[in-house]
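Step one of this worksheet: look at the structure below.
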Amino acid sequence: SPKTWDVLDVVDNIARSHDVGQEAILLANPGVDRWLPGAGARVTIPSRHILPPPPFQGLILNLPEMRVYYFPEPEPGSHPRVNTYPVSVGRMDWATPLGETKLVSKQRDPAWHPPESIRAEHAAAGDPLPRVVPPGPDNPLGRHALRLGIPGYLFHGTNKVFGVGMRVSHGCIRMLPEDVEELFDMAPIGTPVRIINQPFKVGWYGGELYLEVHPPLEEDEAGWAALQEGVMAAVDAELFRRPVDLDLAVIEQAISEPNGMPVVISRGP
């Protein structure tokens with residue numbers, strides 16, 4: 001179950017210490033002040049996740065969830081495993097593209113060559129950018145970059161950790177420095193990458209059926225209208241495999257108040 005902790009620190013620090021994104025922890029704690037939760041307040045850590053749709057290979061980035069899953073190739077005789085990290089993705093006017101690609105290169109201490117579109121945006125705001133930002137504390141790519149086969153897009157660190165887990169980037173996938181360093185060391189060049197738009201997931205655990213719902217992307221015009229239909233189609237597919245009684249009230253609440261946390265929607269065999 002999600003853990004509940006006594007709060008003696010601000011919510012964003014709690015999120016980072018538990019590898020949870022900003023949006024995820026805010027959705028899980030709608031009544032908590034992110035800046036001054038207060039001594040004795042309690043924050044729920046959304047620490048459980050339903051896996052994204054298979055195949056479980058390489059990297060799977062789920063945009064509405066703002067989380068990436070890495071499925072390393074298992075060693076002979078070992079069990080499959082998964083590593084998962086919160087990420088920032090492109091805001092609505094700089095959306096991260098969907099589709100399949102792969103990691104094509106990795107670089108430590110990268111220089112940043114801001115595209116002309118970003119330089120123009122900064123110039124219009126009175127904050128001009130140089131053509132090249134060298135490695136260092138002012139480099140928004142951080143110390144590790146993993147480039148995708150989609151030109152101009154990459155997983156990278158950041159010098160602004162606060163925004164990880166929110167839609168704040170220009171389309172790239174921003175990660176916490178400690179997370180991208182770990183992924184940098186594990187994921188080889190050529191690793192397949194799948195970028196999906198999946199606001200809901202269903203899965204079984206301990207004989208119970210779980211549902212996890214995230215708010216659809218803002219620009220997804222069919223998002224809210226199609227959410228209920230998509231959820232019920234996914235649930236029906238699972239019932240075909242393993243019939244159980246459903247708690248319809250829990251399903252309706254998960255759809256109407258999506259908080260990204262898995263909830264049990266089955267009532268027994």
So which pairs qualify, if the first residue must be in segment 245-269 and closer than 9 Å to Glu212 by Cβ, the second must be among the acidic types (Asp, Glu) and open to solvent by 50 Å² or more (accessible area, probe 1.4 Å), the Cβ gap must be under 9 Å, and the two must be at least 6 apart or on different chains?
-> Gly260/Glu23
Those residues of segment 47-71 which are in a loop (DSSP other than H, G, I, E, B) and of a type in the set (Ser, Thr, Tyr) amount to Ser47
When you look at Thr84, is it hydroxyl-bearing (Ser, Thr, Tyr), in contact with a Ser or Thr (Cβ under 6 Å, 6 or more places away or on another chain) and surrounded by 14 or more Cβ atoms within 10 Å (Cβ to Cβ), yes or no?
-> no
Would you pick out the residues in segment 72-89 that are out of contact with any helix residue (DSSP H, G or I) (no Cβ under 6 Å at 6 or more places or on another chain) and assigned to a strand (DSSP E or B)?
-> Asn83, Thr84, Pro86, Val87, Val89
Quick one: which residue in Glu252, Glu229, Glu218, Glu182 is assigned to a loop (DSSP other than H, G, I, E, B) and open to solvent by 70 Å² or more (accessible area, probe 1.4 Å)?
-> Glu218
Ile265 passes all but one of (1) surrounded by fewer than 18 Cβ atoms within 10 Å (Cβ to Cβ); (2) within 26 Å of Ile45 (Cβ to Cβ); which number fails?
-> (1)
Matching residues, segment 14-42, being surrounded by 19 or more Cβ atoms within 10 Å (Cβ to Cβ), over 16 Å from the mean Cα position of the chain (by Cα) and modelled with pLDDT of 85 or more = Asn29
If we ask which residues in segment 89-103 are at pLDDT 95 or above and closer than 16 Å to Val180 by Cβ, their number turns out to be 1
Scope segment 141-170; condition surrounded by fewer than 22 Cβ atoms within 10 Å (Cβ to Cβ) and of a type in the set (Val, Ile, Thr); matching residues | Ile150, Val161, Val168
Say whether the condition of being open to solvent by less than 60 Å² (accessible area, probe 1.4 Å) and part of a strand (DSSP E or B) is met by at least one residue in segment 128-140.
-> yes
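The values are calculated or read from the model by the stated rules, or taken from the named source; none is laboratory data. Note that the structure is predicted; figures quoted are calculated from it, not measured. Backbone-built Cβ (ideal geometry, glycine too); neighbour counts: all protein chains shown. Ligands, DNA and RNA are excluded from the accessible area calculation, which covers all protein heavy atoms including side chains. Shrake-Rupley method; radii C 1.70, N 1.55, O 1.52, S 1.80 Å.
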